[in-house]
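> Can you read through this structure? Questions will come right after.
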Amino acid sequence: MIKIEIPTPLRAYTENNKRIEVDAATINSALSKLIELYPKLRPHLYDGDMIRSFVNVYLNDEDVRYLELGLDSETTNGDMISIIPSIAGGVLEGPELSKHEIERYSRHLIMPEVGMSGQRKLKQARVLLVGTGGLGSPIAMYLAAAGVGTMGLVDFDVVDYSNLQRQIIHNSNNVGISKLQSAKSTLEGINPEINVVLHETVLDSSNALDIIKEYDIICDGTDNYQTRYLVNDACVLLNKPNVYGSIYRFEGQVSVFYADKGPCYRCLYSEPPPPGLVPSCAEGGVIGVLPGMIGTIQANEIIKLIIGQGEPLIGRLLLLDALDMRFRELKLRKNPDCLICSDHPEVTALIDYNEFCGVLPDGSGLQFNETISVKQLDELRNTGIDHLLIDVREPHEQEISMIEGSVLMPQNQIAELIGDTPKNKLIILQCKSGVRSARALYTLKKLGFVNLKNLQGGINAWADKVDPSIASY
Ligand code: ZN
């Protein structure tokens, strides 16, 4: 008997039989008997009397085209004929799956959209996640569970108690340790078959291309403009898809930027907003499940790109309002004058993204002479120099902590509350961590105030470095 191995995409025509046994003396007669048994297979194998050009036939491990007699070659009992079509994922790409992996991924393997071919592509795939915070957590966990073979993680932060409300990859036992180590231990617990590569660094123009070029798909899970433009530009220059997500309070956005096939992030916004105008989650807050909802959509897009199925979110921006629970979809177009992905780009290499976004390397969004450290403020208070310390947080936050002598003027009311304070008075602005106060500084600057300083790190830094009796939150 001759065994004929049927590839996954053709099993639909063999009643799902993987291996057919026939009695035949040549390859040709074996295939004829196969067609007699399963006539629906014929158009997929033959064009007239010829084997289709995109179908290869192997006798044992030999391609029959290289056998002297080709399809007329004789077969002997126990021989194996394999049919390998080059279409529809016929040739299985990527590494084979072990018995354990077949068990682990069985719910994928039985789906026609994934199957063995898709699962092997997942195993072969290399995905880079920039940030292991709110969005990075669910993305990394689902991709690990799905069997993405190599996952690179970029972060430099340590796990903080305030992360745990949404960053589900981290847990209470890991507070104070590096986010990457924490993420790696969670991911290896979910799936020890995958390879997790750690890049413990701030992604910047000096290292982004070297890191990103090692991966097939990049996923932006950060919350600052410098990194967002950096990731976009690096992906355009290296021609990689960039799966984008962003979140704020109850609202989220997702898209796939892939300059090869659609618009990039700069096609939408050629430049970032002025520093301090758009609040981050650290300042504005975010509902804890939102990164879960947006992150899992990103993870789904990544899997679709890897297995080559479905309609990717290229050229579409998906908006979620989780408070009203409404999705909307906007069409995105490639900007023919895009600074980086058009036919005549002005940006042809990475630039200094801190400068481009008008921020200090610490992300505060201010010029160097507009900031003051908590140590400097402490000295200034001790020397008795005349100044006004304005706390721009909300009243309920002042109940948690306050710096003695500060005057409360919530950031969104500061323009009215500042009243007729002299424009040249030394004003120090303070909030929780330094972002809202940077925005308040921007507001006062527009009103003509000239002697403004933003307290770096806000009251939390003050509590940490100057007055440990104050609570951090
Ligand atoms: Zn573009």
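Here, each number is a calculation from the coordinates, and none is a lab measurement. Not measured: the values here are computed from a predicted model. As a convention, Cβ positions derive from the backbone with ideal geometry for all residues, glycine included, and neighbour counts pool all protein chains shown.
> With a Förster radius of 30 Å, plug the Cβ-Cβ distance of LYS3 and ASN195 into 1/(1 + (r/R0)^6) and report the FRET value to the nearest 0.05. Let's see the in-between values first.
Numbers: r = 35 Å, r/R0 = 1.17.
My answer for the efficiency is 0.30.
> Moving to a separate point now. Under 17 Å from a label point 7 Å along Cα→Cβ of ARG126: give me every residue in region 134-159 with its amide N that close.
148-154
> Could you check what % of the DSSP bridge pairs in region 185-342 are antiparallel, to the nearest 5?
Taking every DSSP beta bridge within region 185-342, about 75 percent pair in antiparallel fashion.
> Put a dot 7 Å past each Cα toward the Cβ at LYS445 and MET402; how far apart are the dots in nm?
2.8
> I've got another one for you. Points 7 angstrom from Cα along the Cβ direction at GLU355 and ASN16: gap in nanometres?
Here the answer is 6.3 nm between the modelled labels.
> Relative contact order for region 139-295 using alpha-carbon pairs under 8 Å, separation at least 6, rounded to a whole percent?
19
> Going by C-beta contacts inside 10 Å, put PHE54, PHE257 in order with the fewest on the left. Display every interim value, and only then the final one.
On the way: PHE54 14, PHE257 29.
Lowest to highest Cβ neighbour count: PHE54, PHE257.
> How high is the relative contact order of the chain, in percent, with contacts defined as C-alpha pairs under 8 Å that are six or more residues apart? Don't skip to the end; give the middle numbers.
Numbers: 896 pairs, mean separation 47.1, N = 473.
Computed over the chain, the figure is 10 percent.
> Another one. How many angstrom lie between the Cα centre of region 106-176 and the Cα centre of region 226-241?
Taking the Cα centre of region 226-241 as reference, the centre of region 106-176 is 20 Å away.
> Within region 147-227, list the trypsin sites (Lys or Arg not before Pro) lying in a DSSP loop whose Cβ has at most 16 other Cβ atoms in a 10 Å radius.
Values: sites: ARG166, LYS179, LYS184, LYS213; in loops: ARG166, LYS213.
Of the trypsin sites (Lys or Arg not before Pro), the ones in loops of region 147-227 whose Cβ has at most 16 other Cβ atoms within 10 Å are LYS213.
> Let's see if you can work this out: charge +1 on each Lys and Arg Cβ, -1 on each Asp and Glu Cβ, no other charges. What is the dipole magnitude of the chain about its Cα centre, in debye to the nearest 20?
880
> May I ask which residue of GLN298, VAL196, SER82 lies farthest towards the positive end of the charge dipole of the chain, with charges of +1 (Lys, Arg) and -1 (Asp, Glu) on Cβ and the Cα centre as origin?
The Cα lying farthest towards the positive end belongs to GLN298.
> Are any of the pairs LYS18/LYS40; LYS304/LYS334; LYS3/LYS121; LYS18/LYS121; LYS123/LYS331; LYS3/LYS40 more than 25 Å apart by Cα-Cα distance, and if so, which?
Those over the limit are LYS3/LYS121; LYS123/LYS331.
> Just to be sure I understand the model, the point goes 7 Å from the Cα along the line to the Cβ. What's the resulting SER53 to SER185 distance in nm?
5.8
> While we're looking at this one, here's another question. How do the peptides 290-299, 440-449 rank, highest first, by the average count of neighbouring beta carbon atoms within 10 Å per residue?
Order by mean packing, descending: 290-299, 440-449.
> Further, regarding this structure: How would you rank SER178, SER206, going from fewest to most other Cβ atoms within 10 Å of each one's own Cβ?
Numbers: SER178 17, SER206 10.
Least to most surrounded, the residues fall as SER206, SER178.
> Going by Cα centres, region 177-207 and region 52-78 are how many Å apart?
Comparing the Cα centres of region 177-207 and region 52-78, I get a distance of 47 Å.
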